[in-house]
């Protein structure tokens, strides 16, 4: 199995997923009453986690493998650093924000922060995909 194709598929999948989250899901949080959002959010985080975590884990594993296979490749190093950036952002910024929502501490400021800050992950995953695409194409 060509690791480059698997990487490209994972990266594209995560880019599409983050675009759906950024452009559709997170903005929809503004239209829920707080108690309805809290109820729905519990189901949402479990379901989205079941999709996102295997993809992110696969991306991380491939990044580690490729850095170890060729640690002199600037592409592999940059890819790995971008993936680490997504992981750090996810677990140190977004998991805590989602935890606040789950603990009924939701407000418009938190929802707006979630939407604005998520552009970071959106841009990171776009960069990751474009890097993989450029490596695969060339």
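The values are calculated or read from the model by the stated rules, or taken from the named source; none is laboratory data. Everything numeric here is computed off the predicted structure, so don't read it as measured data. Because the Cβ atoms are built from the backbone with ideal geometry, glycine has one as well, and the counts that use them run over all protein chains shown.
What are the residues in the range 72-106 that are closer than 15 Å to residue 40 by Cα and over 14 Å from the mean Cα position of the chain (by Cα), if any?
99, 100, 101, 102, 103, 104, 105, 106
Just checking, how many residues over the range 1-18 are exposed (fewer than 14 other Cβ atoms within 10 Å of the Cβ) and modelled with pLDDT of 95 or more?
Applying the first criterion (exposed (fewer than 14 other Cβ atoms within 10 Å of the Cβ)) to the range 1-18 yields 1-5, 9, 16.
Applying the additional criterion that residues be modelled with pLDDT of 95 or more yields 9, 16.
So the count comes out to 2.
For the range 88-108, does any single residue satisfy the condition of being surrounded by 14 or more Cβ atoms within 10 Å (Cβ to Cβ) and in a loop (DSSP other than H, G, I, E, B)?
yes
Consider the range 36-73. How many of its residues are in contact (Cβ under 8 Å) with a residue 40 or more places away in the chain, under 22 Å from residue 97 (Cβ atoms) and loosely packed, with under 15 Cβ neighbours inside 10 Å?
Residues that pass the stated criteria total 1.
How many residues does the range 19-35 contain that are in contact with a helix residue (DSSP H, G or I) (Cβ under 8 Å, 6 or more places away or on another chain) and surrounded by 12 or more Cβ atoms within 10 Å (Cβ to Cβ)?
Here the count works out to 8.
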